[in-house]
Amino acid sequence: MNAVIPIKPAAAAQTPAATTMARRLRIKVLRYNPALPAIDAHWQAYEVDDAPGMTLFIALSEIRETQDASLQFDFVCRAGICGSCAMLVNGRPALACRTLTKDLGSEFTLAPLPVFELIGDLSVNTGKWMRGMSERLQAWVHQQDPTIDLGRLEARMEPELADAIYELDRCVECGCCVAACGTARMRPDFVGAVGLNKIARLRLDPRDGRSDDDFYELVGDDDGVFGCMSLLGCHDVCPKQLPLATQIAFIRRKMVALGIS
Ligand code: SF4
Ligand code: F3S
Ligand code: FES
């Protein structure tokens, strides 16, 4: 009797469609419009096909164009420069234009940054908060010689110093560090890591005529460096990887040395 040779089922042919099948993303967005207070805050789910190189900016734009024109969110540069697209991605502050969907699960949440005034859905008014903080800290160059037009004549400075200033100048005022900070949530006037970084940057600037004492007086209270509880959320989430923990520690040490603490 002939042995029966089992025949293996042929491997399923890999069709181009099967190999390139897009993941279906389910994006839950926290929605609330302060102009329509009768509608409670609620989660709304949208579905889009994932695509190579897709960012949250692309996904949200697709949703707005094809599914829901009322969805509010902010983007300007799409390149991590303007700082306007920060939001909570699975609860963590991040720039949406620099967040790739491939780095997220097939289901994730988007919510507006806390602390800042809500405009609607994912759009918040970081500009208002930043302006208030900058005014409290007088966070602009106070010229030593006001007769020099800095727009026409830059003072010479050593390349190392210019590099150090440039490093801290990379802040895009996105607000991620503020949203990640427990103190900022409790103290409305806390200047946040972004404000402390501005003071650290101005202190380095040879064009600014203020003394160390002048600078540290601006941040030497509970709305400044003494309000910071070293939670370090700011340092963890800054999309520009600014050395925020180092700057805050530096300001504290200088204040102790100057006897301001
Ligand atoms: Fe954004 Fe970093 Fe600037 Fe904070 S310090 S506002 S996280 S770029
Ligand atoms: Fe906040 Fe950063 Fe200090 S998270 S408490 S500013 S170390
Ligand atoms: Fe400008 Fe994201 S759109 S930083």
* Any chance the range 194-205 includes a residue that's assigned to a loop (DSSP other than H, G, I, E, B) and away from ligand 1 (no atom under 16 Å from the Cβ)? -> yes
* Could you check, for the range 82-99, whether at least one of its residues is of a type outside the set (A, V, I, L, M), crowded, with 18+ Cβ neighbours inside 10 Å and either farther than 19 Å from VAL237 by Cβ or free of Cβ contacts under 8 Å to residues at least 24 places away in the same chain (or both)? => no
* Structure fact -> Selection from the range 210-240 of residues hydroxyl-bearing (Ser, Thr, Tyr), over 23 Å from ALA94 (Cβ atoms) and surrounded by fewer than 20 Cβ atoms within 10 Å (Cβ to Cβ) yields SER211
* Structure fact -> Scanning the range 32-50 for residues that are surrounded by 15 or more Cβ atoms within 10 Å (Cβ to Cβ) and in contact with a Ser or Thr (Cβ under 9 Å, 6 or more places away or on another chain), the one nearest to VAL124 (Cα to Cα) turns out to be ASN33
* Consider ALA184 carefully, then state whether it is within 16 Å of ligand 1 (Cβ to nearest atom) and either touching a Leu at 6+ places or on another chain (Cβ under 8 Å) or of a type in the set (Gly, Ala, Ser) (or both). => yes
* Restricting the range 170-209 to residues that are of a type outside the set (A, V, I, L, M, F, W, C) and within 16 Å of ligand 3 (Cβ to nearest atom), the residue that is surrounded by the fewest Cβ atoms within 10 Å (Cβ to Cβ) -> ARG170
* Please verify whether the range 212-227 includes one or more residues that are among the aliphatic types (A, V, I, L, M), in a helix (DSSP H, G or I) and touching a residue at least 24 places away in the same chain (Cβ under 8 Å). => yes
* From the list SER70, SER61, SER123, SER84, which one is of a type in the set (Gly, Ala, Ser) and within 16 Å of ligand 1 (Cβ to nearest atom)? -> SER84
* Asked: Looking only at the range 237-251, which residues are of a type outside the set (Phe, Trp, Tyr) and more than 11 Å from the chain's Cα centre (by Cα)?
  -> LEU242, PRO243, LEU244, ALA245, THR246, GLN247, ILE248, ALA249, ILE251
* To do: Collect the residues in the range 94-108 that are part of a strand (DSSP E or B) and either acidic (Asp, Glu) or within 13 Å of ALA59 (Cα to Cα) (or both), keeping them in residue-number order.
  => LEU100, GLU107, PHE108
* Could you tell me whether any residue of the range 103-110 is surrounded by 13 or more Cβ atoms within 10 Å (Cβ to Cβ), within 14 Å of the chain's Cα centre (by Cα) and either farther than 26 Å from ASN197 by Cβ or modelled with pLDDT of 95 or more (or both)? => yes
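The values are calculated or read from the model by the stated rules, or taken from the named source; none is laboratory data. Treat the numbers as computed from the prediction; the structure is a model and nothing was measured. Here the Cβ is made from the backbone with ideal geometry for all residues, glycine too, and neighbour counts use every protein chain on show.
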